Amino acid sequence: MLLPILMFAALGAMMYFGMRKQKRQVAEVQKMQTQLVPGTRVMTTSGLYAEITAVADDTIELELAPGFRTTWVKAAVREVVVPSTTDDADLAALTQPVDETSSEISLDKRRGDIS
């Protein structure tokens, strides 16, 4: 007689704490979505990185590349991306001019370029 009561109590406790955690997560996501402003860099639920250019009631406009903008629902934003200093260094390395007169190819055995 005591065993079924304990089982139902344990099940009830698991359901209670599970719902509580889920409510907290939903509240955090809603708070993040209400704080979206133009200029913020975000990642969508599909893994797309973009910058917010405009915010409406339940939609945002994302700039994927300079001049290329698309409209998304706010619920598609998974997280706000915090820029790091290494991103600037990587971008600077990628945007340096390429010397097209050189025909040398650099191979590195440690990287697996050659066997």
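The values are calculated or read from the model by the stated rules, or taken from the named source; none is laboratory data. None of the values given here were measured: they were computed from a predicted structure. Neighbour counts run over all protein chains shown; Cβ positions are idealised from the backbone, glycine included.
So, in segment 24-57, how many residues would count as being more than 23 Å from V82 (Cβ to Cβ) and modelled with pLDDT under 90? Residues that pass the stated criteria total 1. Sub-7 Å Cβ pairs linking a first residue in segment 56-80 that is touching a residue at least 40 places away in the same chain (Cβ under 8 Å) and under 10 Å from T44 (Cα atoms) to a second residue that is loosely packed, with under 11 Cβ neighbours inside 10 Å and of a type in the set (D, E, K, R), at least 6 apart or interchain, are K74/D58, ordered by first then second residue.
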